[in-house]
Every structure is written in C-alpha cells, then in structure tokens.
C-alpha cells in the first residue's frame, strides 16, 4: 500500500450502524493510505469501531454529542494532513479514491467527489441509485468534499451552525469565499448506503426547508438558485430524460417521491419563514 502522508479523512457519526464499519474499512484499505482518520461521534458508536480496528494506529477517536457542524469543525481541527476529506456514516469510498484525488491536488485545492447509489435488485434502492446519478449532473447541488486545510488558516470555520442540516451547503458558501480552484474526480467515487426510510426522508426534507430560510437570508439569490425546485427539478430532470426511456417505471417513481418530498420541504420552509419573521419582530421591539 502506497503512503503519501498528506490526506486526512474525517468521519462524523451520530449513531452506530453496521455500515459504519464498512465505511472505516474502505479508508483503511485505500491504495494510497491516508495520513490519519479522525472519527467524531457518540461514545457507544466509537467503542464499536475501536473494537473492530484496534490494530489501526492512525485512527483518532473523539467523543462528541451535539450539532453536526460543530462535530465536523472539531474533526477537521484534529486532522493532521494538508488536505481533508469529510465523510458521513453512509459513504463508502472506492478503494482508489485517495489515489485518484492525489493526482489532482497539484492543480486544485478543492475536489468534488461523485456519489453513486448501491447496486441492488431492490426496487427502491434502484430508485435512489437513479436519484444519485441525476444529482451528479446538478452543478448547483454538488459540493466539494475534499479541500486544502490551510484555506481556513485565517481562523474562520469550514462549517457554520446557523445552516443547521444544510451543513454541506453552508460549507460550500464558506469555501467560495476562499476562491478555491475546484476539480472533479472522475475515476473514483463514494457509494451511498442510504438506510433512510421514507418517513425519515420526509423528515429530512422538512428540515432542509426549515433551514433554507437561513441559507437564503445569508446567500441571497445564490441561495435561492441552490434550492430552486424549478431549476433543480424541471431543468435537471428533463436534461436526464434519456434515463426515463431506459427505465420509465423507476424514473416516474422517483419523480413521485421527489414531489412528495418537495411538499414536506415547502411546509418546513413556511414554518421557518414564520419563525424567522417572529424573531425579527422581537429583535425590532427590543431594539
């Protein structure tokens, strides 16, 4: 195994799921080994991982309960490499990921890594695999997952709690301020082990809608563009209409699910708008 000690991997986990072990293993077995792996999460989950990887000396464990944005910043601050990849508890890396990333680091200081769904005969997994395939064609939705750590040497933080569950979008906004050179990895990827039930997906959509108020307030029209359902729905999906021809039933099922999720998103956005207006009125009355 080659070892070029300049890339750190950070993983934030809220709860323990068996797939977490597969995720850590995917980084341990890279063709180009990371300088270190930092795992931040609940103590129970960390103990499970430690038991499996007790022989691995380059893994740092940090117990943490709280906001995901704070957890991400904590993990990045502990990373030893010049570059950092931030991963989630459902993202399994292809074994050549770090090696492919390293080939682009001389030209770029931030990298977008494609995400793919799981190969399966299960109908809904095939639906969500198609969702990932289409999302990779949405330039307004994708966010770099690897960046040079010294971009934030000025004391600023990569992640911001004010964006809540939109942690990646908040990171994208903070990263853009650094004017990075963004590259795209082509021959490696993350496989998303999506374990969300339909009700959990609706809950996630509601929370995204709620926190989108703060994204738009902070980013203005760029924030609107990033969440605009007309752009992200009609334009991106129509651009991938060839996928409908390949498998119309799966494509139409995905469209139906996305429409239901949008309704949940809209409710969250409406509730968030009311709360933001109420808070603004309170601030004005106490000023």
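Coordinate-derived values only; no laboratory data. Since this is a predicted model, take the numbers as computed values, not measurements. In this analysis, Cβ positions are derived from the backbone assuming ideal geometry, glycine residues included, and neighbour counts consider all displayed protein chains.
On a full-extension model of 0.36 nm per residue, what is the gain between residue 43 and residue 153, subtracting their alpha-carbon distance, rounded to one decimal in nm? Could the numbers behind the result be given before it?
Details: separation 110, 0.36 × 110 = 39.60 nm, distance 2.94 nm.
Extra length from residue 43 to residue 153 when fully extended: 36.7 nm.
Each of residue 275 and residue 200 was given a label point 7 Å from its Cα along the Cα-to-Cβ line. The distance between the two points is 2.2 nm. For the stretch 1-111, the equivalent ellipsoid derived from the Cα gyration tensor has semi-axes of 22, 16, 12 Å, listed largest first. Using the rule -39500 (n - 2.57) for each DSSP H run of four or more residues, divided by the residues of the chain, the 222 nm mean residue ellipticity is -15000 deg cm²/dmol. In terms of overall dimensions, the stretch 1-56 has a Cα radius of gyration and Dmax of 11.4, 32 angstrom.
Considering only the chain, what is the antiparallel percent among its DSSP beta bridges, to the nearest 5?
Numbers: 8 of 32 bridges.
Roughly 25 percent of the beta bridges in the chain run antiparallel, per DSSP.
When 153, 167 are sorted by how many other C-beta atoms sit within 10 angstrom of their C-beta, beginning with the fewest, the order is 153, 167. Sorting the segments 120-133, 78-91 by their mean number of nearby beta carbons within 10 angstrom, highest to lowest, gives 78-91, 120-133.
Between the C-alpha center of the stretch 150-201 and that of the stretch 55-128 there is a gap of 10 Å. Counting other Cβ atoms within 10 Å as a rough exposure proxy, the listed residues 95, 252 run 252, 95 from fewest neighbours to most.
Percent relative contact order of the stretch 1-195, based on C-alpha pairs within less than 8 angstrom and at least six residues apart?
That works out to 26 percent.
Here the chain is treated as an ellipsoid with the same Cα gyration tensor; its semi-axes, largest first and in whole Å, are 30, 25, 19.
Please compute the Kirkwood hydrodynamic radius over the stretch 155-212, one decimal place, Å, based on all pairs of different Cα atoms.
Details: mean 1/r = 0.0721 Å⁻¹.
The answer is 13.9 Å.
Take 224, 70 and order them by how many other Cβ atoms sit within 10 Å, fewest up front.
Numbers: 224 13, 70 17.
By the 10 Å Cβ count, ascending, the order reads 224, 70.
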